[in-house]
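Here the structure is laid out as C-alpha cells; the discussion comes afterwards.
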C-alpha cells in the first residue's frame, strides 16, 4: 500500500493529465476523469443550490461544471460539512470546493483560482428596526446574528471586548428568521446575494433592509487541493473567456 504522500502525488498526477491533452470533445463522459466538487451540506444559495432530490445548480456550480466539461472533466458533487472540507482536500479525497480565500483557516495549504464572483458582506435588519450602520460606534451595545464559524476581522475586537455581542447560527436562513422572530437580535451579517436570495425565496420582500456599506468584499473562488497547479491555470484561462464573452454575466442573470 502506498504511503499517504506518494498516494496523493499519484492521484494528482493522474487527474492533472486531462488538463494538458484531454478535452470533452475527445473523451466520452464515461471515460472522463472525475472532478470531486464539494457543494456543501445544504448548499450555499445562490452560489451552490442543493434540491430536495439532490440535484445541483447555482452560480458557482454552473460555472465550474461548464469549465470542467471544457477541460475534459466530469463533475461529481459531494455534500460535505464545512469543518471536514479542508482535511478531505489535503488528503486528496475531494478535489475542489468553492470558497473565498479569506474564509480559510490556512489558505497557503491550498490553491485558489481567480475570482468567480465577488461577495459583499453587509448588515441586514428588519425594516422596523432602528439599527443603522454608521461605523463602529453604531455597533456598540447591539447583538449580531452571524453564520457559524465565520471570521470578521473588523468586528473581532468588538466581540473580544464584549462591546458587540454575537449569536451564531448554522444555516444562513436562520439569520433572517431570528431577525424576524427572535428576541434581542438587532442585526445580522450576510453576503448580499445570499441575503437577497433568501428574502425572495421566502416572500420576505419589504421586511428587511441592508446597509449600503459592506464590512468586507472578497473574491469567491474555487479552492483546489495541493498539486493541481496545471488545473488552476487552465481553469483561470477558461474563466477569463467566460467573463470576456459575457457568458458569466448570463449565468449571474439566472440567479438575480
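The values are calculated or read from the model by the stated rules, or taken from the named source; none is laboratory data. Keep in mind that this is a model prediction, so the values were computed, not measured. Positions of Cβ are backbone-derived with ideal geometry, glycine not excepted, and every protein chain shown enters the neighbour counts.
Structure notes:
- Considering only residues in the stretch 71-84 that are surrounded by 16 or more Cβ atoms within 10 Å (Cβ to Cβ) and in contact (Cβ under 8 Å) with a residue 60 or more places away in the chain, the one that is farthest from residue 102 (Cα to Cα) turns out to be 71.
- Those residues of the stretch 208-224 which are in contact with a helix residue (DSSP H, G or I) (Cβ under 8 Å, 6 or more places away or on another chain), modelled with pLDDT of 95 or more and farther than 13 Å from residue 175 by Cβ, in sequence order: 219, 220, 221, 222, 223, 224
- Out of 139, 158, 222, one residue alone is assigned by TED's automatic domain parsing to the domain that holds residue 240 and surrounded by 14 or more Cβ atoms within 10 Å (Cβ to Cβ). It is 222.
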